[in-house]
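Peer 1: The following block contains the structure, expressed as C-alpha cells.
The values are calculated or read from the model by the stated rules, or taken from the named source; none is laboratory data. Small disclaimer: the values here were computed from a predicted structure and weren't measured. To get the accessible areas, we keep the full protein, side chains included, count just its heavy atoms, and leave off ligands, DNA and RNA. Shrake-Rupley method; radii C 1.70, N 1.55, O 1.52, S 1.80 Å.
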Amino acid sequence: MLLEKYAESGVIPERELDHELILFFDSEKLALPVSARRDSLSWSMREISLQDLEIPYIIRELLKNNCDWKKAIREYFRRIGEIRPEDFVEIVEELIKRKKEFLISGTEIVDICKKYNRDGGVVIAELKGAGVISPYSGCGRVVSKLERIYGSPLYEINRFLIKLVEG
C-alpha cells in the first residue's frame, strides 16, 4: 500500500498517484496535496491536483502502530516531548465526542484542555502539527454561519482518525 511504502519519508511522489487516489486520500485526510492556496495550513485550501502528497504525522504514526489510535497518539506526543502523553488520548477522544459533523470550535478545545491543566493554544498548535485538526476555511458566508452555530474559530478533525476512534 502506498501509505505504508511512504510513511517513513512522509511524501507520496506524484508518479505513484492518479486523480482518484488523490481524491480518496484527501477526502479521508490520509494524505494531502503539498501545495496550498495562499500558503494556508488549512486542509481545505490544499490544491487538489496531480502532485506529491504529504502524509500527516498522525497517519504515519497510525501506520507504524497497526492503526491502534491510542498507541499512535501516545507515541506521537511522547516523541515531541510532551509530559503525560496519555492525556492526549483522552483529549482526542473528547474532541471526537464533542464534534459536530467533523468540526469543533477552538473554544471547545480550550475547555477540554482545562480539564487536563493544559494550555489550549499550545494543544491546538500541537494537534495541528500532528494532523489531528486543521483550521477550517471555505466560503465566507458558509463559515460565518457555521461559526455562529458551533463557535469560533472552527477546526476540522482528521476524518480517518474519527473513524478509528468511533470504531
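Peer 1: How would PHE24, PHE160, PHE77 line up by accessible area, probe 1.4 Å, largest first?
Peer 2: Ranking PHE24, PHE160, PHE77 by accessible area, largest first, yields PHE24, PHE160, PHE77.
Peer 1: Same structure, new question: Roll a 1.4 angstrom probe over the protein heavy atoms and tell me the percent of accessible area of the chain that is carbon or sulfur.
Peer 2: Here it works out to 50 percent.
Peer 1: Continuing with this model, one more query. Strictly over 23 Å apart at the Cα level, which of LYS29/LYS100; LYS97/LYS163; LYS29/LYS115; LYS70/LYS145 would you flag in this model?
Peer 2: Pairs exceeding 23 Å: LYS29/LYS115; LYS70/LYS145.
Peer 1: Also, quick follow-up: So, for the chain, what is the accessible surface per residue at a probe of 1.4 Å, expressed in square angstrom?
Peer 2: Counting only protein heavy atoms, the per-residue value for the chain is 52 Å².
Peer 1: May I pose another question? I'd like the distance between the alpha-carbon centres of the range 104-167 and the range 9-24, rounded to an integer number of Å.
Peer 2: The two parts, judged by their Cα centres, are 26 Å apart.
Peer 1: Follow-up question, since we're still on this one. Over the Cα atoms of the chain, what is the Rg over Rh ratio if Rh follows Kirkwood?
Peer 2: With Rh from the inverse mean 1/r over Cα pairs, Rg/Rh is 0.96.
Peer 1: Turning to a different aspect of this structure: Put VAL122, VAL92 in order of accessible area, largest first, 1.4 Å probe: what do you get?
Peer 2: So the residues, ranked largest to smallest area, are VAL122, VAL92.
Peer 1: As a test of the formula, what do you get for the chain when each DSSP H run with n ≥ 4 contributes -39,500 (n - 2.57) and the sum is divided by the residue count, at 222 nm and rounded to the nearest 500 deg cm²/dmol?
Peer 2: Values: 9 runs with 87 residues, N = 167.
Theoretical 222 nm ellipticity from helices: -15000 deg cm²/dmol.
Peer 1: A further question follows. Determine the relative contact order of the chain: mean sequence separation of Cα pairs under 8 Å and six or more apart, normalised by residue count, in whole percent.
Peer 2: Working: 234 pairs, mean separation 37.3, N = 167.
Reported relative contact order: 22 percent.
Peer 1: Now for a separate question. Sort GLU101, GLU16, GLU82 from largest to smallest accessible area, using a 1.4 Å probe on the heavy atoms of the protein chains.
Peer 2: Heavy-atom accessible area, descending, gives GLU101, GLU16, GLU82.
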